[in-house]
Amino acid sequence: MPRSKEIKKQMREKVIEIYQSGKGYKAISKALGLLRTTVRAIIYKWQKPGTVENLPRSGRTTKITPRAQRQLIQEVTKDPTTTSKELQASLASVKVSVHDSTIRKRLGKNGLHGRVPRRKPLLSKKNIKACLSFARKHLDDPQDFWENTLWTDETKTELFGRSVSHYVCRKSNTAFQKKNIIPAVKYGGGSVMVWGCFAASGPGRLAVINGTVNSAVYQKILKENVRPSVCDLRLKRTWFLQQDNDPKHTSKSTSEWLKKNKMKTLEWPSQSPDLNPIEILWHDLKKVVHA
């Protein structure tokens, strides 16, 4: 349980002043807006030494001085990838010797916790410019435009669990109990590549992809699934097809096929997977599969 903030000296003195005037815990609590347990603790502490001052406390004094703490915070703020071992060596250079776990605890008390960094696409200046241009171009598009956009993408789904770290909360010597074990199979249990689409009115068709996807295979997927999905989702005649800039999507043969079949595509900036709302749909799909 985290520690609560210490009551200021002026407030503690006020509690004692009201208590000496003959008021009870309940009255003091109501008058000053403090918990009755807090009032009782302040009075109990005052009755022993006869003062509300904070007296010296027992326990070992900290080795990390305020100056060393400021140094830790400055180094971590400047470079968040700095490890506790590196910080330990840095403090040793100014003759402060502490365990690396002590450094982690002190950083934690200052709101700096070790976390797995988030990953995002590496964006060049050209990518950033294209994303900004896309946002500005479509900033004032009416809702009807987005409701008649068919969002598409491919994704790979693992069939047996996820290739990420798992944690279980267990007692000692219970590692091999059934509830504490995560089943595993050799080679990850396989995966399935699928193509899918959706619009504001709901999900469209889902196509399972066997083997390598090239321009010809991609065109076949579009031929078998796009028009039926557009009909099922009741999109207007002015609908747009969204696809990313994968080479098989933008190849010369695919571009000609799209033009021949009168499918208008939504221009799309490279390195921008977070712009496509179908990523949320893939997340839900994989969550169900992994369950």
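What follows draws every value from the coordinates through simple rules; no lab data is involved. Keep in mind the model is a prediction, meaning the values are calculated, not measured. Glycine gets a Cβ as well: all are built from the backbone with ideal geometry, and neighbour counts include every protein chain shown.
Just how large is the dipole of the chain about the Cα centre, in debye to the nearest 20, putting +1 at every Lys and Arg Cβ and -1 at every Asp and Glu Cβ?
Working: 56 positive and 24 negative charges, 343 e Å.
With Lys and Arg at +1 and Asp and Glu at -1, about 1640 debye.
For a test of the definition: using alpha carbon positions, the gyration tensor, and the 1.5 limit on a/c, classify the stretch 1-146 as rounded, prolate or oblate. Walk me through the numbers on the way to the answer.
Values: a/c = 4.55, a/b = 1.61, b/c = 2.82.
Oblate, since a/c reaches 1.5 and b/c is not below a/b.
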(Q) Starting from the 7 Å offset along Cα-to-Cβ, what nm value, one decimal, do you get for the label separation of residue 284 and residue 246? (A) 2.1 nm
Q: Pull up all non-local amide H partners of residue 240: gap of 5 or more, or a different chain, and H-to-H distance under 5 Å with H placed in the peptide plane.
A: 149, 150
Q) Using θ = phi - 60° and the Karplus form 6.51 cos²θ - 1.76 cosθ + 1.60, what ³J(HN,Hα) does each residue of the stretch 144-149 get, whole Hz, x for Gly and Pro? A) 4, 4, 6, 5, 10, 10
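Test of understanding: what is the full-extension gain from residue 172 to residue 156, defined as 0.36 nm times their sequence separation minus their Cα-Cα distance?
Working: separation 16, 0.36 × 16 = 5.76 nm, distance 3.73 nm.
So the extension gain works out to 2.0 nm.
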Q. Hey, if you put +1 on the Cβ of every Lys and Arg and -1 on every Asp and Glu Cβ in the chain, which of 291, 204, 61 ends up farthest toward the positive end of that dipole?
A. 61
Q.
How would the stretch 200-291 be classified by its alpha-carbon gyration tensor: rounded, prolate or oblate, with rounded meaning a/c under 1.5 and the a/b versus b/c comparison settling the rest?
A. rounded
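Mind pulling up the Rg/Rh value for the chain? Radius of gyration and Kirkwood radius, both on Cα.
Details: Rg = 31.3 Å, Rh = 26.4 Å.
Result: Rg/Rh = 1.19.
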Q: Could you go through the stretch 127-143 in sequence order and give the Karplus-derived ³J(HN,Hα) for each residue, using 6.51 cos²θ - 1.76 cosθ + 1.60 with θ = phi - 60°, rounded to whole Hz, and x for Gly and Pro?
A: 4, 4, 4, 5, 5, 5, 5, 4, 5, 5, 5, 9, 4, 9, 5, x, 4
(Q) Name the residue from 116, 221, 19 whose Cα lies farthest towards the positive end of the charge dipole of the chain, charges +1 on Cβ of Lys and Arg and -1 on Cβ of Asp and Glu. (A) 19
Q: Would you be so kind as to identify which of 177, 46, 32 lies farthest towards the positive end of the dipole of the chain, taking Lys and Arg as +1 and Asp and Glu as -1 on Cβ and the Cα centre as origin?
A: 46
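Between residue 73 and residue 129, take the C-beta separation as r, use R0 = 45 Å, and let me know the FRET efficiency to the nearest 0.05. Numbers along the way, then the final one.
On the way: r = 36 Å, r/R0 = 0.79.
After rounding, the FRET efficiency stands at 0.80.
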**Q.** Relative exposure of 12, 234, judged by other C-beta atoms within 10 Å (fewest first)
**A.** 234, 12
Q) Taking the chain as a Gaussian network, Cα atoms linked when under 10 Å apart, which of 56, 66, 273 shows the biggest mean-square fluctuation? A) 56
Q: Work out from phi, with θ = phi - 60° and the Karplus expression 6.51 cos²θ - 1.76 cosθ + 1.60, the ³J(HN,Hα) of each residue of the stretch 11-23, listed in order in whole Hz, and give x for Gly and Pro.
A: 5, 5, 5, 5, 4, 5, 4, 5, 5, 5, 7, x, 6
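If we count every other residue with Cβ under 13 angstrom of residue 275's Cβ, Lys/Arg +1 and Asp/Glu -1, where does the sum land?
-3
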Q. Excluding residue 195 itself, what net charge comes from residues whose Cβ is under 9 Å from its Cβ, given Lys and Arg +1 and Asp and Glu -1?
A. -1
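Computed over the Cα atoms of the stretch 66-109, what is the convex hull's projected area averaged over all directions, in nm²?
Details: hull surface 10.9 nm².
Result: a mean projected hull area of 2.7 nm².
Using per-residue counts of other Cβ atoms within 10 Å, averaged over each peptide, order 131-142, 31-42, 219-230 from highest down.
On the way: 131-142: 10.9, 31-42: 15.2, 219-230: 16.7.
Top of the packing list down: 219-230, 31-42, 131-142.
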Q) Among 280-289, 145-154, 250-259, how do they line up from the highest to the lowest mean number of other beta-carbon atoms within 10 Å? A) 145-154, 250-259, 280-289
